[in-house]
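Participant: Quick one: structure below, then a few questions.
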Amino acid sequence: MFALANKATQAADNIAKGAERVGVSTDFYQEMEFWASQNGLSHEQMEKAVGRFNQRLGQAVNGNEKYASALQQVGIDLDAVRNGQLSTEDAYAQTIQRLSEMENEQDKVNLATEIFGTRLARDMLPALNEGSLSIEEARQKAQELGLVIGEESLYAAEAFQDSWDRIKRSLGTIVTQIGLSLMPTFQSMMDFILDNVIPVALDLWAAFREGENVIDGVKNVFNELFDGEGFSGLIDMARDSFNNLVAWLADEGIPMLMEGFIQGREMLFNAAMTLFPA
């Protein structure tokens with residue numbers, strides 16, 4: 001159930017962030033996504049078209065003559081945009097509608113190129129031809145089919161994903177801290193191996209090549225290594241390392257893990273309450 005909720009909120013989070021990215025409402029973003037899919041445009045092309053139109057509309061309003069001329073030729077009232085009477089979304093829908101109604105193909109291509117850029121305009125031409133699904137039809141159909149998720153649900157999903165990301169990062173940091181705390185112990189073991197075990201192995205190999213009794217050689221080496229205590233010295237070292245690890249877990253490791261799990265639980269419950277308020 002959590003995996004299902006996570007997958008659903010990922011999709012909703014992408015919609016909310018995508019709408020913010022191109023500067024339109026979440027409803028319009030989803031309606032344009034349906035329009036694009038019905039006319040052979042990819043999601044990326046739709047985002048690029050809406051984002052680029054928004055950018056060039058702003059430049060035209062701020063005095064860019066090239067973009068102002070192109071937009072005025074498709075009937076966009078820049079004064080209405082300036083004073084807020086014409087929204088970016090309505091201006092975009094109007095532009096697409098006017099381009100699709102143009103009979104002169106050359107004029108259509110030239111204006112689309114000015115507004116959207118050469119490559120993107122070429123990709124959009126099939127959606128601007130007569131007989132393609134218009135924006136108004138797509139917006140109405142998307143609402144009728146229930147393809148538009150409400151803004152409140154989308155932003156709740158966005159909050160859920162943000163909380164889940166914080167939980168994963170917090171738990172990942174705890175694991176990293178545990179690993180860093182254990183590092184000195186394992187570093188000491190590696191240093192011991194490099195300083196003592198590797199030379200011993202080389203000595204044993206040399207003894208073997210010279211025909212000595214390998215078993216006796218091993219015993220002699222360990223006796224020298226652990227001050228005459230032989231293998232028991234190695235066991236004592238392992239026991240001390242284990243006791244140090246247990247002590248660290250009791251003093252720092254387990255409390256750190258418990259605190260991380262408690263924080264994660266609270267964040268998860270808060271996200272659930274956001275999605276499913278009482």
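The values are calculated or read from the model by the stated rules, or taken from the named source; none is laboratory data. Since we're looking at a predicted model, the values are computed, not measured. No Cβ is skipped: glycine too gets one built from the backbone with ideal geometry, and neighbour counts run over all protein chains shown. What goes into the accessible areas is simple: the full protein's heavy atoms, side chains included, and nothing from ligands, DNA or RNA. Shrake-Rupley method; radii C 1.70, N 1.55, O 1.52, S 1.80 Å.
Participant: Quick one: count up the residues across segment 101-131 that are open to solvent by 30 Å² or more (accessible area, probe 1.4 Å) and either assigned to a helix (DSSP H, G or I) or closer than 19 Å to Phe34 by Cβ (or both).
Facilitator: 16
Participant: Taking the options Ala60, Ala36, name whichever one is in contact (Cβ under 8 Å) with a residue 60 or more places away in the chain, buried (at least 20 other Cβ atoms within 10 Å of the Cβ) and among the small types (Gly, Ala, Ser).
Facilitator: Ala36
Participant: Looking at the structure I just gave you, is Lys17 out of contact with any Cys (no Cβ under 7 Å at 6 or more places or on another chain), of a type in the set (Lys, Arg) and farther than 23 Å from Asp123 by Cα?
Facilitator: yes
Participant: With respect to the numbered conditions (1) in a helix (DSSP H, G or I); (2) at pLDDT 85 or above, which one is the sole condition not fulfilled by Val148?
Facilitator: (1)
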